[in-house]
Amino acid sequence: MQVLQVQLEVGPDPAEVGRARRWARSRLVGSGIRDDEPLAETLILLISELVTNAVVHTGCPAVLRMLFGSAGAAGAAGTVRVEVADTSCRPPRQRHAEGEDTGGRGLELVDGLADRWGWQPEGAGKQIWCEVDRGAPVVQLQSGTHGQATAVIGAQHTGGHEPSHAVTHHA
């Protein structure tokens with residue numbers, strides 16, 4: 001069950017991505033997710049990718065929505081859902097970047113960081129969404145050697161810091 005929904009209108013300018021990140025960070029803190037939690041960093045990265053895709057690839061305004069789920073009957077910590085709606089009817093296309101490519105990694109990041117993601121038509125355009133379960137393992141990106149990015153899956157979004165699995169990707 002969703003208990004809180006907030007939204008921000010985003011203009012069709014790449015500079016709006018920074019504004020969306022700042023806005024989202026303040027809303028996360030307001031929902032009880034501390035700024036220094038791995039969950040907050042994961043959500044900010046997801047938001048950054050989805051908003052960037054919307055404004056750069058469509059050239060259209062977008063709407064960023066964040067929905068904060070309540071704790072379930074079994075005591076689960078709830079789910080955070082991020083939605084970005086734009087007025088382009090073109091479906092998202094997941095690309096597979098290679099080596100020195102400077103783009104094409106956005107939806108791959110979303111796929112790797114979110115617990116679930118997808119898209120659906122909305123009005124004359126579409127909505128791309130992702131969800132992160134607050135009690136699930138979190139992926140943290142750490143700098144590696146020789147320009148590598150290392151993704152470390154932490155113990156829990158609820159505050160665990162011990163990595164349980166690491167994957168290294170060459171940038």
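The values are calculated or read from the model by the stated rules, or taken from the named source; none is laboratory data. If you're wondering where the values come from, they're calculated on a predicted model, not measured in any experiment. All Cβ positions, even for glycine, are placed from backbone atoms using ideal geometry, and neighbour counts span all protein chains on display. The protein model used for the area step is the full one, side chains on, heavy atoms only, and it has no ligands, DNA or RNA in it. Shrake-Rupley method; radii C 1.70, N 1.55, O 1.52, S 1.80 Å.
Of the residues that sit in the stretch 3-19 and are assigned to a helix (DSSP H, G or I) and over 14 Å from Gly106 (Cβ atoms), which one is least open to solvent (accessible area, probe 1.4 Å)? Top of the filtered list is Gly18.
Close Cβ contacts (under 7 Å, 6 or more residues apart or on different chains) running from residues in the stretch 29-53 that are under 13 Å from Val132 (Cβ atoms) and in contact (Cβ under 8 Å) with a residue 12 or more places away in the chain to residues that are polar (S, T, N, Q) and buried (at least 20 other Cβ atoms within 10 Å of the Cβ) are absent.
Of the listed requirements (1) at pLDDT below 90; (2) more than 20 Å from Pro38 (Cα to Cα); (3) surrounded by 14 or more Cβ atoms within 10 Å (Cβ to Cβ); (4) among the aliphatic types (A, V, I, L, M), Ala85 misses just one: (1). Annotation: of all residues in the stretch 1-28 being without any contact (Cβ under 8 Å) to a residue 24 or more places away in the chain and of a type in the set (D, E, K, R), the one that is farthest from Thr87 (Cα to Cα) is Arg25.
Kindly check whether there is at least one residue in the stretch 35-55 that is open to solvent by less than 70 Å² (accessible area, probe 1.4 Å) and touching a Ser or Thr at 6+ places or on another chain (Cβ under 7 Å). Taking every residue of the stretch 35-55 in turn, none turns out to be open to solvent by less than 70 Å² (accessible area, probe 1.4 Å) and touching a Ser or Thr at 6+ places or on another chain (Cβ under 7 Å).
Filtered by the rule that a residue be closer than 30 Å to Arg95 by Cβ and in contact with a Phe, Trp or Tyr (Cβ under 6 Å, 6 or more places away or on another chain), the stretch 22-50 gives no residues.
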